[in-house]
Amino acid sequence: MTQFRIGIDLGGTKTEVILLNGDSDTLFRTRIPTVKGDYQATLSAIADLVAQAEAQVDLQGLPVGVGIPGSVSRKTGKVKNANSTWLNGQPLHADLSRRLERDVKVVNDANCLAVSEATDGAAAGYEWTFAAILGTGCGAGLAWRGQAVVGPNGVAGEWGHNPLPWTSDTELQSRRCYCGRFGCQETFLSGTGLCLSYERMTGEALTGQLIAERAGSGERAAVTVVNHYLDGLARGLAAVINVLDPDVIVLGGGVSNLSVIYERMPELLPRYVFGGECDTPVVQAVHGDSSGVRGAAWLNPVVS
């Protein structure tokens, strides 16, 4: 019989659902704007999306996995570290499990990216995967043989909230993060951080794509900003390699669409990786912005 999985990606701007069969084919997928600032409305939105997915196959009780921009504390069972701050301090796992009348897996969205790409994406065939989201925020997750690595504190792979390595104190102190600290990698390496760098240099607010296009056409400010970004990304990834030495690094999120990243990382990484050499492939997520929601679906055993 056909096997089904449901994944939910609860993002800062959109909430998405996907229904996969046993062959990883997408049977249903839709997204809605995330209901910001309203926890109860968030629960209702997720329940409605699950119902829509189940209606496609006329089944109920299908396994559900949810990726969130935060983690669940083992001590309290409540969400912590979410940049969708209305989730923090809420018993999301318990509330969703009660609402949907089944055990719901809730995992950091970057771990979902890692699971998705390790299962049938850019990291398929590798044992040890580090996956980073370079989007509105900046997070990362780990997968070992296709399974999410969470850790006792629920923060394994929480890359974005470490200071950007080999960066001056002055530069670190100039970037305040929503988490309350200064100089987090998220403030430099997210799409938001890239745009902030350009705006500080030029006074002009542009999207990351436009900045990249201007750099490609030779605009001096854009070239400077993009080169500085790439060097910062290399420093951030080199620190991961120095500690974890993953088999592969997968990048997702809007900034991951910049082809110059994959052109320059082989040259830049050896400058910062201990020993002066680096063979770690840095690749773009195959499933694009579907990776998170697909990975969430893979968190649970299937139901036939």
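When the residues of the stretch 5-30 are filtered to those that are over 23 Å from Asp95 (Cβ atoms) and part of a strand (DSSP E or B), which remaining residue is least open to solvent (accessible area, probe 1.4 Å)?
Taking the stretch 5-30 first, the residues over 23 Å from Asp95 (Cβ atoms) are 20-29.
From what's left, part of a strand (DSSP E or B): 20-21, 26-29.
Values: Leu20: 1, Asn21: 22, Thr26: 74, Leu27: 77, Phe28: 35, Arg29: 102 Å².
Filtering the stretch 5-30 for residues that are over 23 Å from Asp95 (Cβ atoms) and part of a strand (DSSP E or B), the one least open to solvent (accessible area, probe 1.4 Å) comes out as Leu20.
Need pairs with beta-carbon distance below 7 Å; first residue farther than 27 Å from Asp120 by Cα and within the stretch 18-47, second of a type in the set (Asp, Glu); sequence gap 6+ or separate chains.
Filtered contacts from the stretch 18-47: Leu43/Asp95.
Looking at this structure, is Gly218 modelled with pLDDT of 95 or more, over 28 Å from Val106 (Cα atoms) and not charged (D, E, K, R)? Please lay out each step first, then the result.
Values: modelled with pLDDT of 95 or more: yes; over 28 Å from Val106 (Cα atoms): yes; not charged (D, E, K, R): yes.
Against the criterion (modelled with pLDDT of 95 or more, over 28 Å from Val106 (Cα atoms) and not charged (D, E, K, R)), Gly218 qualifies.
So, in the stretch 31-61, how many residues would count as being touching a strand residue (DSSP E or B) at 6+ places or on another chain (Cβ under 9 Å) and either more than 19 Å from Arg99 (Cβ to Cβ) or in a loop (DSSP other than H, G, I, E, B) (or both)?
Result for the stretch 31-61: 8.
For the stretch 249-265, how many residues meet the condition of being among the aliphatic types (A, V, I, L, M) and surrounded by fewer than 24 Cβ atoms within 10 Å (Cβ to Cβ)?
Of the residues in that region, 4 qualify.
So Asp279 clears everything in (1) charged (D, E, K, R); (2) surrounded by fewer than 22 Cβ atoms within 10 Å (Cβ to Cβ); (3) in contact with a Gly (Cβ under 7 Å, 6 or more places away or on another chain) except one condition, right? Which one?
(3)
Which residue is surrounded by the fewest Cβ atoms within 10 Å (Cβ to Cβ), if the candidates are limited to the stretch 45-86 and must be over 29 Å from Ala132 (Cα atoms) and of a type in the set (Gly, Ala, Ser)?
Of everything passing the filter in the stretch 45-86, Gly61 is surrounded by the fewest Cβ atoms within 10 Å (Cβ to Cβ).
Can you name the residue in the stretch 168-188 that is among the hydroxyl-bearing types (Ser, Thr, Tyr) and in a helix (DSSP H, G or I) and, of all such residues, is surrounded by the fewest Cβ atoms within 10 Å (Cβ to Cβ)?
Going through the qualifying residues, I end up with Thr170.
Output the residues belonging to the stretch 209-220 that are over 25 Å from the mean Cα position of the chain (by Cα) and of a type in the set (D, E, K, R).
Arg214, Glu219, Arg220
Failed condition for Tyr198, given (1) farther than 23 Å from Ala114 by Cβ; (2) open to solvent by less than 30 Å² (accessible area, probe 1.4 Å); (3) within 19 Å of the chain's Cα centre (by Cα), with all others met?
The number of the failed condition is (3).
Can you work out which of the residues in the stretch 78-101 that are modelled with pLDDT under 95 and assigned to a loop (DSSP other than H, G, I, E, B) is farthest from Gly37 (Cα to Cα)?
Asn81
Which residue out of Pro246, Pro270 is modelled with pLDDT of 95 or more, surrounded by 14 or more Cβ atoms within 10 Å (Cβ to Cβ) and within 19 Å of the chain's Cα centre (by Cα)?
Only one candidate passes the filter, namely Pro246.
Working only within the stretch 110-125, note down all residues that are in contact with a helix residue (DSSP H, G or I) (Cβ under 7 Å, 6 or more places away or on another chain) and open to solvent by 30 Å² or more (accessible area, probe 1.4 Å).
Answer for the stretch 110-125, where residues must be in contact with a helix residue (DSSP H, G or I) (Cβ under 7 Å, 6 or more places away or on another chain) and open to solvent by 30 Å² or more (accessible area, probe 1.4 Å): just Ala124.
Which condition number in (1) in a helix (DSSP H, G or I); (2) surrounded by 15 or more Cβ atoms within 10 Å (Cβ to Cβ); (3) more than 19 Å from the chain's Cα centre (by Cα) is the one that Leu206 fails?
Of the numbered conditions (1) in a helix (DSSP H, G or I); (2) surrounded by 15 or more Cβ atoms within 10 Å (Cβ to Cβ); (3) more than 19 Å from the chain's Cα centre (by Cα), the odd one out for Leu206 is (1).
State yes or no: is Leu113 in a helix (DSSP H, G or I) and either free of Cβ contacts under 8 Å to residues at least 24 places away in the same chain or farther than 25 Å from Glu54 by Cβ (or both)?
On the way: in a helix (DSSP H, G or I): yes; either free of Cβ contacts under 8 Å to residues at least 24 places away in the same chain or farther than 25 Å from Glu54 by Cβ (or both): no.
No, not satisfied.
If a residue must be on the phi < 0 side of the Ramachandran plot, at pLDDT 70 or above and open to solvent by 10 Å² or more (accessible area, probe 1.4 Å), how many such residues does the stretch 288-304 contain?
7
The values are calculated or read from the model by the stated rules, or taken from the named source; none is laboratory data. The shown structure was predicted, so the numbers you read here are calculated from the model rather than taken from an experiment. Counting neighbours? That spans all protein chains shown, and the Cβs are built from the backbone with ideal geometry, glycine included. Just the protein is used for accessible areas: all its heavy atoms, side chains included, with ligands, DNA and RNA removed. Shrake-Rupley method; radii C 1.70, N 1.55, O 1.52, S 1.80 Å.
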